[in-house]
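The values are calculated or read from the model by the stated rules, or taken from the named source; none is laboratory data. The structure displayed is predicted, hence computed values, not measured ones. Positions of Cβ are backbone-derived with ideal geometry, glycine not excepted, and every protein chain shown enters the neighbour counts.
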Amino acid sequence: MPFEKEKNNKERARLFPSALPSSEWVTFKADGFEKSVPGVIYRKTKPPVCGLPLGGIGTGHLDVNPNGTLGRCTIFNSVIPPRELQPAALLSLEVGGQTWRLTIREVPGGQNAEDILYWGHYPVADLQYETTAPVCVALRAWSPFVPGSQAISNTPAAVFEVRLTNESVSPQVGSVTLAFTGPSNEEIAAAVCSSREVSEEGLGGILVETGQGTGYFLGLLACPSSNVRGDFNPATRDTSLSADFNLAAHEAHTLARY
């Protein structure tokens, strides 16, 4: 899988320092900022009230919860009240024959994250996962937001950048999976969904359509289709997309964007 090369430095793949105090305003160096920035880092011991919402202006929102799941959602027109999405992990990691569900909730199917460091700075949510895996995972989730540009800020999309660091002295081969729960029966008037794979230059994924004017696309940017595996359950409309990685010892990379 293609990655954006990083130096062999563990902290380079992190979005912000991991030793910061939690639940209080601090100033720190963060990826993407030339100067130090103020912010509040949350951990599971004292989480915020809710997650940061993603989505274009006027197109609905999708919360990225501090516990590593997706939360309140209005992108399928459930507005009052918003629909609560999956209690499952947004991301899963497979490496060395083991699976980690990257949430601090108790979910089946593998080991859970021990903690998640969460920094919301609209329109970006940064999550750093603490696990027992030999590969460290960090997530930067964001939506297009450019002051003065209505066209860009109105884009109904969210981007999930996954960063991996091999913290071991041995090569690590595995995969990362992003899971998404599609619309409910009520949101699509019990229509039957259909899906098809999309494979174009620099883009691969799954397009789901209902025939009722509602649909969504889950894809990977800058990733060859041979390294992408998608799955769609027409009964539950659960959709997932997996991407493979192969990391040398102490290697850090930015995974292609979901």
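Key figures
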read-out: Residue within segment 182-195 that is over 21 Å from Leu102 (Cβ atoms), in a strand (DSSP E or B) and of a type outside the set (Asp, Glu) present; value: yes
read-out: Close pairs (7 angstrom Cβ cut-off, 6 or more residues apart or separate chains): in a loop (DSSP other than H, G, I, E, B) in segment 81-108, aromatic (Phe, Trp, Tyr) and surrounded by 21 or more Cβ atoms within 10 Å (Cβ to Cβ) anywhere; value: Leu102/Tyr129
read-out: Which listed residue is of a type in the set (Asp, Glu) and closer than 21 Å to Ala252 by Cα, from Glu24, Glu84, Glu106, Glu94; value: Glu94
read-out: Residue in segment 152-173 that is loosely packed, with under 15 Cβ neighbours inside 10 Å and assigned to a helix (DSSP H, G or I) present; value: yes
read-out: In segment 76-98, residue surrounded by the most Cβ atoms within 10 Å (Cβ to Cβ) [restricted to those that are touching a Cys at 6+ places or on another chain (Cβ under 8 Å) and within 10 Å of Pro183 (Cα to Cα)]; value: Leu85
read-out: Residue pairs meeting the criteria (Cβ under 7 Å; at least 6 apart or on separate chains; first touching a residue at least 60 places away in the same chain (Cβ under 8 Å) and over 30 Å from Asp244 (Cα atoms), in segment 169-194; second in a loop (DSSP other than H, G, I, E, B) and not β-branched (Val, Ile, Thr)); value: Glu187/Phe76; Glu187/Asn77; Glu187/Ser78; Ile188/Gln212
read-out: Matching entry among Thr181, Thr210 (being polar (S, T, N, Q) and over 21 Å from the mean Cα position of the chain (by Cα)); value: Thr210
read-out: Qualifying residue in segment 223-231 (condition: farther than 21 Å from Asn166 by Cα, at pLDDT 90 or above and in a strand (DSSP E or B)); value: yes
read-out: Test: residue in segment 55-75 that is in contact with a Gly (Cβ under 8 Å, 6 or more places away or on another chain), among the acidic types (Asp, Glu) and surrounded by fewer than 21 Cβ atoms within 10 Å (Cβ to Cβ); value: no
read-out: Whichever residue in segment 115-133 is of a type in the set (Phe, Trp, Tyr) and not in a loop (DSSP other than H, G, I, E, B) and, among such residues, is farthest from Ile104 (Cα to Cα); value: Trp119
read-out: Any pair with Cβ under 6 angstrom, 6 or more apart, that starts in segment 30-41 at a residue that is part of a strand (DSSP E or B) and ends at one that is among the hydroxyl-bearing types (Ser, Thr, Tyr); value: Pro38/Thr27
read-out: Flag for Val135 being more than 19 Å from Phe180 (Cβ to Cβ) and either in contact with a Phe, Trp or Tyr (Cβ under 8 Å, 6 or more places away or on another chain) or surrounded by 18 or more Cβ atoms within 10 Å (Cβ to Cβ) (or both); value: yes
read-out: Check on Pro234, more than 26 Å from Ala125 (Cβ to Cβ), in contact with a Cys (Cβ under 7 Å, 6 or more places away or on another chain) and either among the hydrophobic types (A, V, I, L, M, F, W, C) or in contact (Cβ under 8 Å) with a residue 12 or more places away in the chain (or both); value: yes
read-out: Residue list for segment 1-29, filter: at pLDDT below 95, outside any loop (DSSP other than H, G, I, E, B) and of a type in the set (A, V, I, L, M); value: Ala13
read-out: Some residue of segment 46-60 being in contact with a strand residue (DSSP E or B) (Cβ under 8 Å, 6 or more places away or on another chain) and closer than 19 Å to Arg237 by Cβ; value: yes
